[in-house]
Every structure is written in structure tokens, then in C-alpha cells.
Amino acid sequence: MMDVHHLYEVDVSWTHDRKGLLTSPVLSELIEVATPPEFTKGEVGIWSPEHLFVAALSSCLMTTFLAIAENSRLDFTSFGCNAVGKLEKDGLGGFAITQVVLRPEIELTSEAQVEKAQRILEKAEKACLISRSVKSEIVLSPKIRVTKNVPS
């Protein structure tokens, strides 16, 4: 069996206070990161590690859904996902994101595709490599709408 692996490299550099810059040698955009405002000297309006953790789960659900939907020939008109991570004391003397609720919303043009879309969402959540890599509870709470094409 062939050993398949991929590497994803990121760098973080402290700039000042509780802030830094997140970069990657293969990406052009920089992301400013900071301690979240709920903690001492935290910053409002800047991405935190906690935001990035929840974003990784949400964006992984989306990209996995898109791949499975394409392979399954699901006809959808939009996909969006609200995600909320719950940070709390973990019983080990620290904090952990114990739960992430993913609320994907999909629009379809056909009622006949609703069950298929539901199955694809569930499959995407189970196949998402980020979900599979964390110990947080992942809750999938989808909303699937059917919009009829109205002639103009």
C-alpha cells in the first residue's frame, strides 16, 4: 500500500501586544490573529485561533459537500453555512472547544432532490477530514430549501 500524505505549512509571527500574522509560503494573503476579546488583553475585530478552528470545520464541510455533490450530480443553487463553536472549561484545568454546531443551508430547485441533499450533507460531515481530526462534538443542523425558478 502506497503511503499518501500531504503537508500544509503555516507560520505565525508575533507583531505586538497579543497579535501576530499568520502566513504560508504557498499563499499570498496574510491573516492577522489575536487573542479573542473574552480573554485578558484580547482584541475585538481580529481573527482568533478559536475563530479559525470553527472556520476550518465549516469550510471543510463546504468543500467536502461540494465534491460529493458534484460527483452525485446534485443540482443546487446555493450553499452557505453558519457555524458556532462552544468554548468552555474542559474539566482538565483548561478550556476547549467542546462542540461545534454546523448549520448548512442549501437551496435546491427540485423537491425531488431534498433527500439526496440531506444524505450528501451527512456524508460530507462524516468524511470531512477536519471533523475527523478533532475531539469536539460536531452537530449538523441543516436547512434545505426548494426555490422554484420563476419566469421573468
Checklist entry - Residues in region 48-69: is at least one assigned to a loop (DSSP other than H, G, I, E, B) and over 24 Å from Val134 (Cβ atoms)? => result no
Checklist outcome for this item: Every listed condition ((1) free of Cβ contacts under 8 Å to residues at least 60 places away in the same chain; (2) within 21 Å of the chain's Cα centre (by Cα); (3) surrounded by 13 or more Cβ atoms within 10 Å (Cβ to Cβ)) holds for Thr64 save (1)
Checklist entry - Would a scan of region 94-110 turn up a residue that is within 17 Å of Ile144 (Cβ to Cβ), surrounded by 15 or more Cβ atoms within 10 Å (Cβ to Cβ) and of a type in the set (Val, Ile, Thr)? => result yes
Checklist entry - Among (1) of a type in the set (Gly, Ala, Ser); (2) more than 29 Å from Glu38 (Cα to Cα); (3) surrounded by fewer than 13 Cβ atoms within 10 Å (Cβ to Cβ), which single condition is Ser72 missing? => result (3)
Next on the checklist: Taking the conditions exactly as written (closer than 20 Å to Ser78 by Cβ, among the β-branched types (Val, Ile, Thr) and modelled with pLDDT of 95 or more), does Ile97 satisfy them or not?
Outcome noted: no
Next on the checklist: Suppose we filter region 115-138 for residues that are assigned to a helix (DSSP H, G or I) and either closer than 15 Å to Val54 by Cβ or not assigned by TED's automatic domain parsing to the domain that holds Ala55 (or both); how many remain?
Outcome noted: 4
Checklist entry - Within region 132-146, how many residues are in contact with a helix residue (DSSP H, G or I) (Cβ under 7 Å, 6 or more places away or on another chain) and of a type outside the set (A, V, I, L, M, F, W, C)? => result 1
Checklist entry - So which residues in region 27-59 are closer than 20 Å to Ala83 by Cβ, of a type in the set (D, E, K, R) and surrounded by 13 or more Cβ atoms within 10 Å (Cβ to Cβ), if there are any at all? => result Glu50
Checklist entry - How do the pairs read when you match residues in region 29-58 that are of a type in the set (D, E, K, R) with residues anywhere that are in a helix (DSSP H, G or I), using Cβ under 9 Å and keeping only pairs 6 or more apart or on different chains? => result Glu38/Glu50
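From the list Glu137, Glu115, Glu125, exactly one residue is surrounded by fewer than 15 Cβ atoms within 10 Å (Cβ to Cβ), acidic (Asp, Glu) and within 16 Å of the chain's Cα centre (by Cα). Which is it?
Every option except Glu137 fails the conditions.
The values are calculated or read from the model by the stated rules, or taken from the named source; none is laboratory data. Source: prediction; values computed, not measured. Cβ coordinates were reconstructed from backbone atoms using ideal geometry, including for glycine residues, and neighbour counts include every protein chain displayed.
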